[in-house]
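Novice: Before anything else, here's the structure in question.
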Amino acid sequence: SIENELKKTEKLSFLILSDPNVQADLLAIRNLPQGYSGYQATENLHNILLSYALAEDYIASISLLDSKGGQFIVGVETKLKKEQNEEILQEALKHEGKNIWLEPDSTDRMLKSARVIRQIPGLSLEVLGLLVIRVDMNKLVNQVAHFYPGFELYLQILSAGRSIYATEKSITFEDHSNPLADELSSSTWGRNYGIKTVNRNKYFIAYTNSAYNGWTYVNIIPFANINHQIVVLRNIMIVFFSVVFGLVAVVGLKLTKSITKPFENLTLKMKQVESGDFSVGKEFEVETGIEEIAVLNRNFKIMVEKINNLIQENYIKQLLIKETKYKILQAQINPHFLYNTLDSINWLAIVDKQEKISVMVESLGNLLRNSLGKKDIITIRDEINILENYVKIQQIRYEERLQFQL
């Protein structure tokens with residue numbers, strides 16, 4: 001802020017007056033006669049002041065008046081008249097070494113910081129000179145003020161109701177001897193702000209009182225600029241929210257598609273399964289960005305694979321059943337064919353009066369019927385019949401060599 005920079009300037013003046021080199025050079029100028037030593041002291045003093053003057057851009061000049069009336073100036077060459085120096089010195093002496101601020105006037109438009117330099121070595125506190133730092137208010141204001149590009153802000157600094165500084169573009173209060181007393185106390189003003197119309201133009205005025213130097217800083221903003229900034233801000237907000245809405249819409253569409261696309265694929269696979277195509281499980285992708293959908297796809301794939309496996313197993317079982325039925329039928333057909341053949345041989349033997357052949361064929365047929373029968377329980381009678389048929393065949397084979405009795 002402006003006050004902080006003024007405090008820095010006040011601190012700079014204290015650094016200068018308390019600088020041991022400045023104290024030594026001023027003592028040398030006061031005590032030594034004119035000569036090389038005095039000349040060396042003035043050169044040293046000039047160089048020291050120059051280094052301090054470069055501390056800030058808004059420092060227009062630093063002038064030092066020694067005890068013999070000699071004046072040293074670095075910066076803008078503006079020598080004060082003897083009467084002005086005497087007046088400033090007397091005013092500074094009243095404040096006993098404290099810094100005083102001298103407001104701009106018709107003779108010098110610069111703000112001046114002044115204080116008496118007293119002897120510090122030995123604590124004699126004798127007056128060694130007068131230090132005056134001139135401040136360019138335009139540069140100071142431009143350095144500390146942060147204006148928006150194209151935004152006109154008018155600044156006035158008032159002291160006891162009198163304007164001591166104003167920016168190049170500002171309004172005046174020529175119709176009021178004390179604008180703060182008249183304007184700021186009216187009912188149209190708030191606590192630290194108000195509205196004033198000058199030349200049919202409305203201005204928003206905000207002010208603050210300084211506890212540092214008693215000045216009043218008045219910021220004057222034209223309503224036209226405020227409206228312009230509002231329009232610019234509104235357009236920026238419209239563009240910003242349009243971009244945000246567009247981004248949200250795009251992201252929303254992508255998010256919706258990422259959710260609905262897996263469901264659409266799952267529905268398509270279900271229709272394929274419904275039509276009897278169970279091969280979808282082999283090429284079915286279950287990885288998606290959403291865990292719930294991935295679980296649903298994974299379970300559907302497992303279900304399709306299980307159904308496909310059950311169909312395959314059932315198909316194989318049906319084939320085995322059909323093959324078994326065929327073999328059973330075939331097994332049923334072969335014995336009947338054999339029985340019929342043996343029966344035909346038996347009748348041929350009877351016709352040819354071949355009793356042994358007839359008996360052997362008949363006994364063989366009985367044995368085959370009993371052995372291929374499906375009875376779980378065989379009676380003793382059946383066992384005797386089987387034995388008798390077997391013995392008949394063996395007796396015909398071995399004749400008298402086989403003797404059997406039951």
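The values are calculated or read from the model by the stated rules, or taken from the named source; none is laboratory data. For clarity, every value in this text was computed on a predicted model and none was experimentally measured. Neighbour counts are summed over all protein chains in view; Cβ atoms, including those assigned to glycine, are modelled from backbone coordinates with ideal geometry.
Novice: With (1) modelled with pLDDT of 80 or more; (2) farther than 25 Å from Asn213 by Cα; (3) crowded, with 16+ Cβ neighbours inside 10 Å as the list, and Glu56 as the residue in question, which single condition is left unmet?
Specialist: Here Glu56 clears every test but (2).
Novice: Only one of Asn370, Asn346, Asn366 is modelled with pLDDT under 80, in contact with a Ser or Thr (Cβ under 6 Å, 6 or more places away or on another chain), surrounded by 13 or more Cβ atoms within 10 Å (Cβ to Cβ) and farther than 30 Å from Lys271 by Cα; which? Lay out the reasoning, then the answer.
Specialist: Numbers: Asn370 fails: in contact with a Ser or Thr (Cβ under 6 Å, 6 or more places away or on another chain); Asn366 fails: in contact with a Ser or Thr (Cβ under 6 Å, 6 or more places away or on another chain).
Unique residue meeting the criteria: Asn346.
Novice: Cβ-Cβ below 8 Å, separation at least six or inter-chain, first residue in region 11-24 and within 14 Å of Ser63 (Cβ to Cβ), second assigned to a loop (DSSP other than H, G, I, E, B): which pairs?
Specialist: Filtered contacts from region 11-24: Leu12/Ala55; Leu12/Glu56; Ser13/Asn99.
Novice: Report yes if Lys301 is under 41 Å from the mean Cα position of the chain (by Cα) and either farther than 28 Å from Lys257 by Cα or modelled with pLDDT of 75 or more (or both), otherwise no.
Specialist: On the way: under 41 Å from the mean Cα position of the chain (by Cα): yes; either farther than 28 Å from Lys257 by Cα or modelled with pLDDT of 75 or more (or both): yes.
Answer is yes for this residue.
Novice: Of the numbered conditions (1) closer than 30 Å to Glu10 by Cα; (2) exposed (fewer than 13 other Cβ atoms within 10 Å of the Cβ); (3) at pLDDT 80 or above, Ser210 satisfies every one except a single condition; which is it?
Specialist: Unmet for Ser210, out of (1) closer than 30 Å to Glu10 by Cα; (2) exposed (fewer than 13 other Cβ atoms within 10 Å of the Cβ); (3) at pLDDT 80 or above: (2).
Novice: Mind checking which pairs have a first residue in region 200-221 that is closer than 16 Å to Tyr165 by Cα and a second that is assigned to a loop (DSSP other than H, G, I, E, B) and among the basic types (Lys, Arg), Cβ under 6 Å, 6 or more apart or different chains?
Specialist: Listed pairs, sorted by first residue: none to list.
Novice: Which condition from (1) assigned to a loop (DSSP other than H, G, I, E, B); (2) more than 29 Å from Arg162 (Cα to Cα) is the one that Glu56 breaks?
Specialist: Going through (1) assigned to a loop (DSSP other than H, G, I, E, B); (2) more than 29 Å from Arg162 (Cα to Cα) one by one, Glu56 breaks only (2).
Novice: Looking at region 46-71 only, could you name the residues that are in contact with a Lys or Arg (Cβ under 7 Å, 6 or more places away or on another chain) and among the small types (Gly, Ala, Ser)?
Specialist: Scanning region 46-71 gives Ala60, Ser61, Ser67.
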